[in-house]
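Here it is, the structure, as structure tokens.
The values are calculated or read from the model by the stated rules, or taken from the named source; none is laboratory data. On a predicted model such as this, the values are computed, not experimentally measured, just so you know. Cβ placement follows ideal geometry from the backbone for every residue including glycine, while neighbour counts extend to all protein chains displayed.
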Amino acid sequence: MNHILSRHAEARAQQRGIRESDFPLIIATGTPVDNDSVFLLAQDVDREIQRRKREICALERLRGCRVILAGEMVVTIYRPSSKTEKKLLRGTFRHRHTETNHQSTDSTHRRHLK
């Protein structure tokens, strides 16, 4: 949901060193108080920092992975060689597989990802 800042909120944010881009973060991660406010507690900050640290670790672990898709289905995942990576980035790499290879996947093997 997009929130609109009142002139009062814009003025107070500027006086208090809070950027307009900070509001969505506070609203998304803070603790709801009453029915009309969100309070960013220390425990909210700690939780989000830990979540982002885990995400950073996952990104570092997955660096260089390539996911092959057929529509919304994940066909495979691998780490290409540096030679293949260069070809991919240049746009000169072509699959040797045909579309029929991807369609043979049994529906019982399909898993939905979040």
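Could you list, in sequence order, all residues of segment 22-42 that are among the aliphatic types (A, V, I, L, M) and part of a loop (DSSP other than H, G, I, E, B)?
Step one: of segment 22-42, the residues among the aliphatic types (A, V, I, L, M) are 25-28, 33, 38, 40-42.
Result: Leu40, Leu41.
Here is a yes/no grid of residues against (1) more than 30 Å from Ile27 (Cα to Cα); (2) assigned to a helix (DSSP H, G or I); (3) at pLDDT below 95; (4) in the same structural domain as Ile27 (by TED's automatic domain parsing):
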site	(1), (2), (3), (4)
Asp44	no, yes, no, yes
Arg47	no, yes, no, yes
Arg51	no, yes, no, yes
Arg54	no, yes, no, yes
Cys57	no, yes, no, yes
Ile77	yes, no, yes, no
Glu85	yes, yes, yes, no
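Here is a yes/no grid of residues against (1) small (Gly, Ala, Ser); (2) out of contact with any helix residue (DSSP H, G or I) (no Cβ under 6 Å at 6 or more places or on another chain); (3) farther than 29 Å from Ala9 by Cα; (4) exposed (fewer than 10 other Cβ atoms within 10 Å of the Cβ):
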| site | (1), (2), (3), (4) |
| --- | --- |
| Ile26 | no, yes, no, no |
| Gly30 | yes, no, no, no |
| Ser37 | yes, yes, no, no |
| Gln43 | no, yes, no, yes |
| Glu60 | no, yes, yes, yes |
| Ile68 | no, yes, yes, no |
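Do we find that Arg47 is charged (D, E, K, R), surrounded by 10 or more Cβ atoms within 10 Å (Cβ to Cβ) and touching a strand residue (DSSP E or B) at 6+ places or on another chain (Cβ under 7 Å) in this structure? Give the derivation first.
On the way: charged (D, E, K, R): yes; surrounded by 10 or more Cβ atoms within 10 Å (Cβ to Cβ): yes; touching a strand residue (DSSP E or B) at 6+ places or on another chain (Cβ under 7 Å): no.
Criteria not met by Arg47.
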